[in-house]
Amino acid sequence: MIVVMKSGASKEQIQKAVDTLDELGYKAHLIEGVLRTVIGAVGDERGKPQDAETLSVLEGVEKVMPILQPYKLASREFRTEPTEIKVRNAVVGNNKLPVIAGPCSVESEEQILEIATAVKEAGATMLRGGAYKPRTSPYAFQGLGIEGLKLLAKAREITGLPIVTEILDPHDLDAVVEYADVLQIGARNSQNYALLKQVGKSKKPVLLKRGMSTTIMEFLMCAEYILSEGNENVILCERGIRTFETATRNTFDLNAIPVLKEKTHLPIFADPSHGTGYWQYVIPMALAAIAAGADGLIIEVHNNPAVAISDGGQSLKPKKFATLMEKAAPVARAVGRDI
Ligand code: PEP
Ligand code: MN
C-alpha cells in the first residue's frame with residue numbers, strides 16, 4: 001500500500017507511520033517529495049484490510065491507497081515520475097539517451113582498449129564487456145574473470161567511460177562491485193532470485209536483462225526482487241525473446257518498450273544486438289527502439305568481429321557503430337529526446 005503523508009507532516013509523524021508499518025510486518029520505502037512524503041509499504045496485504053485502516057487514522061496521514069499490481073516498488077502507482085540513475089557523470093532515465101557499447105567479451109588488453117577508444121570517439125556513454133560469460137556450452141570460453149575486470153578498469157581510466165559488466169555468481173559480487181559501475185544481470189539469470197537479492201543488497205546500478213521466456217509481468221517481478229532489497233537503481237533491458245521465428249536469434253519485443261514505460265518508472269534500455277543476432281539488423285532495430293521510447297541502448301561492437309570469441313556475428317565494427325550514432329540523433333530528436 002501507499003501511505004501519503006500530509007504536506008507539512010512532521011518528522012515524528014512520518015516516523016510513527018514507519019514504525020506502525022514495521023509492527024504490522026511491512027517494509028517501508030520513503031519517497032521524500034518537495035511537497036510531501038510518500039511511504040511505499042511492501043509486504044503481504046492479503047486478508048488484512050484493517051492494516052490500511054490502522055494507518056489512515058494516524059496523525060499526519062492524508063490517505064492510504066492499495067498498490068494493485070504485484071510489482072509494488074517497480075510500479076507507476078508507487079512512483080509516478082521516471083526514475084533517474086546516476087552512473088559516474090552519466091545520467092540514465094532523463095531526456096538524453098545513454099549508449100552503452102563494447103564487445104560481448106573482454107578478450108585481451110589490446111582488444112578492449114582499441115574498442116573502448118573507438119566507441120568513445122563515436123559518442124558512446126559507457127563501455128560494456130563481459131569478464132564472466134554465461135555460455136550455452138560449458139566448453140565455450142567462460143571469460144577472463146578478474147583479469148577481464150582489471151582490463152575494463154584500465155579502459156575506463158583511459159577513456160573515462162563507466163563500465164557495464166555481467167555478474168554470474170553471487171560469490172563474485174565483491175570483485176565485480178569493486179570494478180564495475182553497472183552490474184549486468186544476463187537473460188539466463190534474470191530469474192536467479194538468489195543473485196537478484198544479492199545485487200539488491202548492493203547500491204550499484206543494475207542493468208537487468210529480460211529473460212528469453214519471461215513475460216513482462218515476470219520481468220517486473222524480477223526487478224521487484226532487486227528493489228525490495230533496497231537497491232533503487234534498476235535499469236530494465238529488452239533483449240529479445242524466444243519465439244517460433246528462426247530467421248533471427250531472438251524476436252526483439254519492441255512492444256515491451258511502451259508497455260513497460262506505462263507500467264513502471266524504471267528506465268528501459270534496448271539491446272538490438274542480442275535481440276536480432278545479426279549485425280545487419282542492429283541499426284534499424286536500434287532506431288526503432290528509440291522511436292518506441294527506449295531510454296538508452298546497449299550495442300555490441302568489435303574491432304574484428306570475424307575473430308571475436310563470442311557474438312561476432314551480431315557485433316558492429318566501430319565504423320558502423322559511428323553510423324548508428326549519426327542515424328540515432330535525428331530519430332531521438334523526432335521523439336523529443338537527445339542522444
Ligand atoms: C551479453 O550481454 O553479452 C549477454 C550474454 O546478453 P544476454 O544475457 O541478453 O544473452
Ligand atoms: Mn553477447
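The values are calculated or read from the model by the stated rules, or taken from the named source; none is laboratory data. Predicted model only: the values in this text are computed from it and were never measured. Quick reminder, even Gly has a Cβ in these numbers, built from the backbone with ideal geometry, and neighbours come from all protein chains shown. Accessible surface areas use protein heavy atoms only, side chains included; no ligands, DNA or RNA. Shrake-Rupley method; radii C 1.70, N 1.55, O 1.52, S 1.80 Å.
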Taking only Cα atoms of the stretch 158-309, the Rg to Rh ratio with Kirkwood Rh works out at 0.96
At the level of C-alpha centres, the distance separating the stretch 159-229 and the stretch 77-122, in angstrom, is 15 Å
Here the stretch 139-147 yields Karplus 3J(HN,Hα) values (6.51, -1.76, 1.60; θ = phi - 60°; whole Hz; Gly and Pro given as x) of 8, 7, 3, 9, x, 7, x, 3, 4
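Take the solvent-accessible surface of the protein heavy atoms, probe 1.4 Å, and return the percent of it on the stretch 157-287 that carbon and sulfur atoms account for. Walk me through the numbers before you get to the answer.
Working: 2680 of 5010 Å².
Here it works out to 53 percent.
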Residues whose modelled amide H sits under 5 Å from the amide H of residue 183, counting only those 5 or more places away in sequence or on another chain, are 206, 207
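For the stretch 73-139, what Kirkwood radius comes out of the mean inverse Cα-Cα distance, in Å? Intermediate results must be reported in sequence, preceding the final value.
On the way: mean 1/r = 0.0690 Å⁻¹.
Taking the inverse mean of 1/r over all distinct Cα pairs, the stretch 73-139 comes out at 14.5 Å.
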From most to least accessible, 1.4 Å probe, no ligand or DNA/RNA atoms counted, 214, 80 line up as 80, 214
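Would you mind telling me the share, in percent, of accessible area of the stretch 38-89 contributed by carbon and sulfur at probe 1.4 angstrom? Before the final figure, lay out the partial values.
On the way: 1560 of 3060 Å².
The computed percentage sits at 51.
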With +1 at each Lys and Arg Cβ and -1 at each Asp and Glu Cβ, the charge dipole magnitude of the chain around its Cα centre, to the nearest 20 debye, comes out at 680 debye
Per-residue accessible area, 1.4 Å probe, largest first, puts 24, 207 in the order 24, 207
Everything considered on the Cα gyration tensor (a ≥ b ≥ c; rounded for a/c under 1.5, else prolate if a/b is larger than b/c, else oblate), the stretch 84-183 must be described as prolate
For residue 143, other-chain or 5+-apart residues with amide H closer than 5 Å (H placed, Pro excluded) are 133
From highest to lowest solvent-accessible area (probe 1.4 Å; ligands, DNA and RNA excluded), 96, 48 read 96, 48
extent check for the stretch 141-192: Cα max minus min per principal axis, descending, whole Å, gives 35, 21, 18
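Beyond 24 Å between alpha-carbons counts as too far, so tell me which of 96/320; 86/133; 120/261; 203/320; 72/133; 261/319 fall in that bin.
On the way: 96/320 21 Å; 86/133 26 Å; 120/261 28 Å; 203/320 35 Å; 72/133 31 Å; 261/319 31 Å.
Over 24 Å Cα-Cα: 86/133; 120/261; 203/320; 72/133; 261/319.
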Once phi for every residue in the stretch 274-287 is put through the Karplus expression 6.51 cos²θ - 1.76 cosθ + 1.60 (θ = phi - 60°), the whole-Hz ³J(HN,Hα) values, with Gly and Pro written as x, are 6, x, 10, x, 9, 4, 4, 9, 5, 5, x, 6, 5, 5
Given Cβ charges of +1 for Lys and Arg and -1 for Asp and Glu, the option among 191, 160, 145 whose Cα lies farthest towards the positive end of the dipole of the stretch 112-214 is 191
Along principal axes, largest first, the alpha-carbon spread of the chain in whole Å comes out as 67, 44, 42
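In cubic angstrom, how much convex hull volume per residue do the alpha carbon atoms of the stretch 219-339 span? Don't jump to the answer; show the numbers that get you there.
Numbers: hull volume 14.7 nm³, N = 121.
That works out to 122 Å³ per residue.
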About its Cα centre, the stretch 97-246 carries a charge dipole, from +1 on Lys and Arg Cβ atoms and -1 on Asp and Glu Cβ atoms, whose size in debye to the nearest 20 is 280 debye
With a ≥ b ≥ c from the Cα gyration tensor eigenvalues, square-rooted, and the rule rounded for a/c under 1.5, otherwise prolate when a/b > b/c and oblate otherwise, the stretch 8-59 is prolate
With 0.36 nm assigned to each residue of separation and the Cα-Cα distance removed, residue 135 to residue 91 gains 12.8 nm
In whole percent, the Cα-Cα distances of the stretch 113-245 spread across 10 Å bins from 0 upward as 13, 41, 35, 12, 0
Residues whose modelled amide H sits under 5 Å from the amide H of residue 249, counting only those 5 or more places away in sequence or on another chain, are 277, 278
To the nearest Å², the heavy-atom accessible area per residue of the stretch 172-286 with 1.4 Å probe amounts to 37 Å²
Taking 0.36 nm per residue of separation between residue 251 and residue 76 and subtracting their Cα-Cα distance, the length gained on full extension comes to 60.3 nm
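To the nearest 20 Debye, how big is the dipole of the stretch 1-147 about its Cα centre, given +1 on the beta carbon of each Lys and Arg and -1 on that of each Asp and Glu? Could you put the intermediate results ahead of the total?
Values: 18 positive and 20 negative charges, 61 e Å.
That gives the stretch 1-147 a dipole magnitude of about 300 debye.
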Taking the chain and counting helices only, DSSP H stretches of n ≥ 4 at -39,500 (n - 2.57) each over all residues, the nearest-500 ellipticity at 222 nm comes to -11000 deg cm²/dmol
Scalar couplings 3J(HN,Hα) for the stretch 259-269 by Karplus 6.51 cos²θ - 1.76 cosθ + 1.60 (θ = phi - 60°), nearest whole Hz, x for Gly and Pro, are 5, 5, 4, 6, 8, 9, 8, 6, x, 10, 9
Mean Cβ-within-10 Å packing, highest first, puts peptides 26-39, 301-314 in the order 301-314, 26-39
